[in-house]
Amino acid sequence: MAEEVEYDVFGAACPSRPVLEDVTGRWGSLALGALADGPMRFNELRRRVEGVSQKMLAQSLQALERDGLVIREVHSTFPLKVEYSLTPTGEVLAAKLLDLIGYLTSSMPGILDAQHHYDQSRAEA
């Protein structure tokens, strides 16, 4: 019987911490959210996630693939076709990220107002 391990992301040595960094980093979270729409080729994904460099997207996808959240599938066609898609765990995680993204975007008027008031109070001090 396998030993049950308790993971605590707040613990410095917990192996979940680097995975959290992969998922919540700017490019990782946006790639997961974009892939929730279905499989995409690299350049299609790069166009969807505006502002990401080829290098950063490749690194993020490699990390997410290593974490078991993304699948990289190479199709033996000419020219070679590579598609990225979510694993079942990646799908669940992407849905939760999209909930967070939706909440954030719907809260932006209040957030922008708070930022404005904060900046104004700092400028007056």
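Derivation of every value follows stated rules applied to the coordinates shown; laboratory data play no part. For clarity, every value in this text was computed on a predicted model and none was experimentally measured. Every residue, glycine as well, gets a Cβ built from its backbone with ideal geometry; the counts of neighbours run over all protein chains shown.
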Most mobile of 105, 87, 24 per a Gaussian network model of the chain (Cα springs, under 10 Å)? 105
The stretch 1-103: chymotrypsin sites (Phe, Trp or Tyr not before Pro) falling in loop per DSSP and having at most 12 other Cβ within 10 Å: 7, 10
Just the Cα atoms of the stretch 32-125, one point each, no solvent: what log10 I(q)/I(0) does Debye give at q = 0.10, 0.17, 0.22 Å⁻¹? -0.40, -0.80, -1.09
